[in-house]
Amino acid sequence: MKPQTSFHLAERDRLAFRFRLVGAAAGFIVIIAAFATSSWRNPWVIGLVCLVVVGGALAYHLLTSIVRCPSCQATVSNHRIAAEEAGRKNFLCKRCGASAWLAEGFYWQNEISG
């Protein structure tokens, strides 16, 4: 069964963008606080920085890789990191054949890199 349209998961795009902004702010705050208090040599602080950076990146990847099908609400995943030229990340539901896409992670790269 061919999908008749491709759905833009706009709400998930907005959530991923907010997640990215909050994560970047949290990372900067933790790093600035660590250097400002001279506690950056403390293993707990290094662990916290690693948790924020690595955990945030992993959480963001999962946030933009696992979605609900807009037609049948099945869980659809695409864990591949697409090329910048793709312009979006596509999800194809195996249950009903619907197609959905996310643009987060692509449009801001084009604006920054030119």
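Condition check for Glu85 on (1) at pLDDT 85 or above; (2) outside any strand (DSSP E or B): one failure, at (1). Assigned to a helix (DSSP H, G or I), touching a helix residue (DSSP H, G or I) at 6+ places or on another chain (Cβ under 9 Å) and not acidic (Asp, Glu): is that true of Ala25 in this structure? Considered against the rule, which asks whether it is assigned to a helix (DSSP H, G or I), touching a helix residue (DSSP H, G or I) at 6+ places or on another chain (Cβ under 9 Å) and not acidic (Asp, Glu), Ala25 comes out as no.
Here Val67 clears all of (1) in contact with a Leu (Cβ under 8 Å, 6 or more places away or on another chain); (2) farther than 21 Å from Leu9 by Cα except the condition numbered (2).
One residue stands out in region 1-48 among those that are basic (Lys, Arg) and either at positive phi or under 21 Å from the mean Cα position of the chain (by Cα) (or both): the one that is surrounded by the most Cβ atoms within 10 Å (Cβ to Cβ), namely Arg12.
The values are calculated or read from the model by the stated rules, or taken from the named source; none is laboratory data. Note that the structure is predicted; figures quoted are calculated from it, not measured. So basically every Cβ, Gly included, is an ideal-geometry build from the backbone, and we count neighbours across all protein chains shown.
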